[in-house]
1. Restricting segment 108-125 to residues that are in a loop (DSSP other than H, G, I, E, B) and closer than 29 Å to residue 4 by Cβ, which is nearest to the chain's Cα centre (by Cα)?
2. Among (1) surrounded by 11 or more Cβ atoms within 10 Å (Cβ to Cβ); (2) in a loop (DSSP other than H, G, I, E, B); (3) away from the ligand (no atom under 16 Å from the Cβ), where does residue 183 come up short?
3. Residues being assigned to a strand (DSSP E or B) and surrounded by fewer than 24 Cβ atoms within 10 Å (Cβ to Cβ): count how many of those fall in segment 70-89.
4. Can you tell me how many residues in segment 159-176 are surrounded by 23 or more Cβ atoms within 10 Å (Cβ to Cβ) and in contact with a strand residue (DSSP E or B) (Cβ under 6 Å, 6 or more places away or on another chain)?
5. Can you go through 52, 17 and tell me which one is in a strand (DSSP E or B), in contact with a helix residue (DSSP H, G or I) (Cβ under 9 Å, 6 or more places away or on another chain) and closer than 22 Å to residue 218 by Cα?
6. Out of (1) out of contact with any helix residue (DSSP H, G or I) (no Cβ under 8 Å at 6 or more places or on another chain); (2) in contact (Cβ under 8 Å) with a residue 60 or more places away in the chain; (3) buried (at least 17 other Cβ atoms within 10 Å of the Cβ), what's the single condition that is false for residue 239?
7. In this structure, does residue 46 turn out to be under 17 Å from residue 140 (Cβ atoms), crowded, with 24+ Cβ neighbours inside 10 Å, in contact (Cβ under 8 Å) with a residue 24 or more places away in the chain and under 16 Å from the mean Cα position of the chain (by Cα)?
8. Is it fair to say residue 245 is under 21 Å from residue 83 (Cβ atoms) and either within 16 Å of the ligand (Cβ to nearest atom) or not assigned by TED's automatic domain parsing to the domain that holds residue 142 (or both)?
Ligand SMILES: [Zn+2]
């Protein structure tokens, strides 16, 4: 079953919800980066969050970068979404392994670390990008997303993210949701949603046996949810030989002359998909020539 993103409104437009199921794309990320479970969970949560936040960008060429720097053993966790919700990402240290928490769950908070920032860069496809940053609350990511939404967009928001890892370390279920309340929403609506959120519980267990639609219907029961849009999303990297050439051409002249002087084939590997691009010394010379023009 392919991954989906749902955009939903409920309670006469007072509730806005985005929900994703992301098992396939999280498993793809795991295979590309050979992540161990706690890294798979952290990256999977970041990818789901980036997809939901990025899909709200209106302009086709827009993108969203979701970056966690919590000084934990995973290093930086990065997820990038296009304006449709397709994502790519990586963690600095994919083979980090940590003991489970006392409750038997993966310790994503300790792996990400709680001393640093969540930075969200929204490139609307034109002009300067908007950069928002909040102090990491727990490193469990969903809480950090909610804090970001509250602080940067003054929204009343709830976020849940989950990745369930199977016994063979593959991804068994993954996804999440963001619920935002319009300003002026009555207190009983907030109370009702809070109790629905606690009754529904873990996102990954809902998605293990159900769909993103089930998540919407369980959380918004009684609020007449209406699915405005359903998109199929996937793990997608936009790198290409041309783009890598462009990056090389934009390097400083001394950097690129150093590469050229080595007289060896230069290999550049894409962080997001591990594709290797090789350039001969002649090609590097040609790129230098172009960048001088
Ligand atoms: Zn790539």
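The values are calculated or read from the model by the stated rules, or taken from the named source; none is laboratory data. In this text, all values refer to a predicted model and were calculated from it rather than measured experimentally. Every residue, glycine as well, gets a Cβ built from its backbone with ideal geometry; the counts of neighbours run over all protein chains shown.
1. The initial filter retains those residues of segment 108-125 that are in a loop (DSSP other than H, G, I, E, B), namely 113-116, 124-125.
Filter again for closer than 29 Å to residue 4 by Cβ, leaving 124-125.
Details: 124: 17, 125: 18 Å.
Per the stated criteria, the residue is 124.
2. Residue 183 satisfies all of (1) surrounded by 11 or more Cβ atoms within 10 Å (Cβ to Cβ); (2) in a loop (DSSP other than H, G, I, E, B); (3) away from the ligand (no atom under 16 Å from the Cβ) except (1).
3. Initially, segment 70-89 is screened for residues assigned to a strand (DSSP E or B), giving 77-82, 87-89.
Retained after the next criterion (residues that are surrounded by fewer than 24 Cβ atoms within 10 Å (Cβ to Cβ)): 78, 82.
Matching residues across segment 70-89 total 2.
4. Within segment 159-176, residues that are surrounded by 23 or more Cβ atoms within 10 Å (Cβ to Cβ) and in contact with a strand residue (DSSP E or B) (Cβ under 6 Å, 6 or more places away or on another chain) number 8.
5. On the way: 52 fails: in a strand (DSSP E or B).
Unique residue meeting the criteria: 17.
6. For residue 239, the failing item is (2).
7. Values: under 17 Å from residue 140 (Cβ atoms): yes; crowded, with 24+ Cβ neighbours inside 10 Å: yes; in contact (Cβ under 8 Å) with a residue 24 or more places away in the chain: yes; under 16 Å from the mean Cα position of the chain (by Cα): yes.
In short, yes.
8. Working: under 21 Å from residue 83 (Cβ atoms): no; either within 16 Å of the ligand (Cβ to nearest atom) or not assigned by TED's automatic domain parsing to the domain that holds residue 142 (or both): yes.
When the stated conditions are applied, residue 245 does not pass them.
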